[in-house]
Amino acid sequence: MKKQSCADPLLISARLLLLLLATDCVVRAQTGSYFPITNIKDPYLQEVGQFAVKEYNRESKGELKFVKVLNGEEQAVAGYSYKLVLAAESGSVTTNYEAVVWEDPQQVTHLVSFNHVIDN
């Protein structure tokens, strides 16, 4: 009976195929899933939060003033989607809102939703 060697081309091909399939599964699991944002003070994320408030005001004729992004998650989907909890002021009252902002592949930013966060 012939002994299989580690250098057998068929065995190498099978191992490479398994490695590629495993890698593809990991990438697919990450694409589309939201992941916590670790550096919430990142100036770019603060800009995204400012954009959300500005766009909300434009669409609703509101007068909210952006305070800061409190926490959030990001998702890689045909660009990037950011789900942010941010603080905004109306007069002397500060309220938390959840904003979903999508940056498309052409780097055009869109406000998807903007809602008051209801405290439990």
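The values are calculated or read from the model by the stated rules, or taken from the named source; none is laboratory data. On a predicted model such as this, the values are computed, not experimentally measured, just so you know. When we count neighbours, we look across all protein chains shown, and the Cβ atoms used for this are built from the backbone with ideal geometry, even at glycine. In case anyone asks, the SASA skips ligands and DNA or RNA and just uses the protein heavy atoms, side chains included. Shrake-Rupley method; radii C 1.70, N 1.55, O 1.52, S 1.80 Å.
Within the shell of other residues whose beta carbon sits under 12 angstrom from the beta carbon of Val112, the net charge comes to -4, with Lys and Arg scored +1 and Asp and Glu -1. Using a simple spin-label model with pseudo-atoms 7 Å out from Cα toward Cβ, Gln106 and Ala76 lie 2.3 nm apart. Derived scalar couplings between HN and Hα for the stretch 83-94 equal 10, 10, 9, 10, 9, 9, 9, 10, x, 9, 9, 9 Hz in order, rounded to whole Hz, by the Karplus curve 6.51 cos²θ - 1.76 cosθ + 1.60 (θ = phi - 60°), x for Gly and Pro. Working from label points 7 Å from Cα in the Cα-to-Cβ sense, the Asp42 to Val93 distance is 3.3 nm. Peptide packing for 41-47, 108-114 was compared via the average number of neighbouring C-beta atoms within 10 Å per residue; ordered from the highest value, the list is 108-114, 41-47. Split the accessible area of the stretch 28-120 by element, probe 1.4 Å, and carbon with sulfur accounts for 49%. From the largest down, the stretch 36-76 spans 32, 21, 13 angstrom on the principal axes of its Cα atoms.
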